[in-house]
Amino acid sequence: MQILPDCTIAYGQSDEYSFVLRPDTSVHGRRRQKLVSLAVSKFTAVYQFYWAHFFPNTALLYPAVFDGRLVLYPTEKILRDYLAWRQVDCHINNLYNTTFHALIQKQGLTPSESEKRLSKTLSKGSGINYNDEKEIFKKGSVLIGAENRKEDEGEIDSWEAHTSEEKKHLQKRQVLVLHVDIIKDSFWERYPNLLLPLDEVKKARKRQLGAANDLSLPSRNEPVSFTCRPVTGTIGDLLEQIKEEDRGVDHAAIYAQGEIRLASATTISQLLTMGDFQLRINDIRHQIQLPDDQIARLLLVNEDNEMAAIKQLVHSLHSSLGIAEFQFQHHKKLTAKRDEIMEKLKKCQLVKQKIDEDAIIFSSRMHTGAMIGMSVLWGIMARLTWWEYSWDVIEPVTFFVTYGGAICCYTFYLATKTLPDYEDMTNRWQLLKTHKLSKKRGFSIEEYNTLSHEYALVCEQIDRLEDELQLLLTEEAEYEDDAEATDSFLDF
């Protein structure tokens, strides 16, 4: 599960595990054999690791081998039925095995007598209380991503990385191990995002946990409730939800006390620490008021919850340093720089496109000329062989002509360190013509390469920044200049 982020839930007992991928996963191109091979190889590696750990002095007689198959379930209900069957099978097997061995160990029966005793009977009289057995044996192990963890439930499983590829993934995701009932609906209601496509999960997370307020939108006559995360959510997220809900919203902004307009990168927790604020939708102003006890609850400030207090302290430090504001401004600068470089590249690309077209035409003409030359040479040799002279006279000539061609090919290889094939000749002719035309038309190839390199670097920085700020950077157009309002970042 740590290697494949699209693996949302796994269930297993003993040496049998089932891994569930998201319905819209595109990992490894959805290739059946690749996915099965990856899962089985990782399972084999884990088995061999634990064997060496618990039995260091006993070598395996042969490599561990596991069977695997990939099944595409058409509906969510059928998938849940399969997982429920796996847990029922775990319960039945464990109940029988526990009772079977209890009769042997506690009542002194032989295996045959114990099997006959349990045949067509219940597990009464075995001398054990099955309710006292550990949940891991009765229900198996359910593995989900730790991002779905509720409060302090379950335990975080840790796995030591052995390769650079594992280290790259294992540092990003932790796995939560549960021993719970997955047959009833309560488990799936508690974790509703496990079987959803990734796009739906992102939409659902935008509306998880946070402050909620009822608003009347311009195109609707009923109150609408919007939710957002207090710690990771931003004002931009809330405004985006409002615009998606009502297409009649042309302009939306949030103002703090003193008529100070707040930036979209401002987090909800920063907004809540300021107390009352004003939400303006078109020409309508909504005054939002939050009581102190609700603010404390939304900010996760709870004296009895030490972990929540630590989280709030870390977030307060993050807000005090102004990291979100700095990253947002840096993103705007990089975007402006990217657009500026793109404008220059477009002008250069128009000239380069014409040069490339002429170079291709030149290369085609060179191939055509070579073909004509070879045809003329063939015609001359044929004329000399059948009309002017005989084959006995022309044979030495053909030898020297052929050997001369081999010398030319080898000379080309010594000069260019490439084989004289048609593709390389085409590329070389195009390259020579490109440099000649660029010099003639005043086009700087070095400048074009520099701009292309700078554009790639800026795009890479923007992608990295947006990946780190999936919930901090927004795409709405609230940043249009407003003469009546003053845009300002908050200082804490």
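Summary of computed values
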quantity	calculated
Condition check for T426: open to solvent by less than 100 Å² (accessible area, probe 1.4 Å), closer than 30 Å to R338 by Cα, hydroxyl-bearing (S, T, Y) and part of a helix (DSSP H, G or I)	no
A10 being more than 18 Å from L79 (Cα to Cα) and either modelled with pLDDT of 80 or more or open to solvent by less than 70 Å² (accessible area, probe 1.4 Å) (or both)	no
Residue list for the stretch 411-423, filter: open to solvent by 50 Å² or more (accessible area, probe 1.4 Å), modelled with pLDDT under 85 and under 20 Å from M366 (Cα atoms)	Y413, A415, L419, P420, D421, Y422, E423
Filtered residue count, the stretch 274-305, keeping only those that are open to solvent by 80 Å² or more (accessible area, probe 1.4 Å) and modelled with pLDDT of 55 or more	4
Residue check, S390 more than 30 Å from K347 (Cβ to Cβ), modelled with pLDDT under 85, more than 47 Å from the chain's Cα centre (by Cα) and open to solvent by 50 Å² or more (accessible area, probe 1.4 Å)	yes
Residue count, the stretch 371-387 (criterion: among the aromatic types (F, W, Y) and either closer than 23 Å to Y422 by Cα or open to solvent by less than 100 Å² (accessible area, probe 1.4 Å) (or both))	1
Residue satisfying condition, being under 22 Å from V201 (Cβ atoms), open to solvent by 50 Å² or more (accessible area, probe 1.4 Å) and among the acidic types (D, E), within set E76, E16	E76
Among residues of the stretch 13-29, those that are under 15 Å from R69 (Cα atoms) and part of a strand (DSSP E or B), counted	6
Test: residue in the stretch 65-74 that is in contact with a Pro (Cβ under 9 Å, 6 or more places away or on another chain), among the aliphatic types (A, V, I, L, M) and modelled with pLDDT of 80 or more	no
Strands (runs of 3 or more DSSP E) completely within the stretch 125-218 that count 1 or more residues being within 21 Å of the chain's Cα centre (by Cα) and modelled with pLDDT of 60 or more	141-145, 175-178
Restricting the stretch 13-41 to residues that are within 22 Å of L176 (Cα to Cα) and charged (D, E, K, R), the residue that is modelled with the lowest pLDDT	D15
Enumeration of residues in the stretch 19-48 that are open to solvent by 40 Å² or more (accessible area, probe 1.4 Å) and within 14 Å of the chain's Cα centre (by Cα)	L21, D24, S26, H28, G29
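Listed here are the residues, each with its yes/no results for (1) hydroxyl-bearing (S, T, Y); (2) over 30 Å from E200 (Cβ atoms); (3) open to solvent by 90 Å² or more (accessible area, probe 1.4 Å).
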residue	(1), (2), (3)
Y62	yes, yes, yes
L70	no, no, no
W85	no, no, yes
V88	no, no, no
S114	yes, yes, no
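The values are calculated or read from the model by the stated rules, or taken from the named source; none is laboratory data. This one's a predicted model, so the numbers in the text were calculated from it and none came from an experiment. Here Cβ is always computed from backbone atoms with ideal geometry, including for glycine, and neighbour counts include all displayed protein chains. We work out accessible area using only protein heavy atoms, side chains counted, and drop any ligands, DNA or RNA first. Shrake-Rupley method; radii C 1.70, N 1.55, O 1.52, S 1.80 Å.
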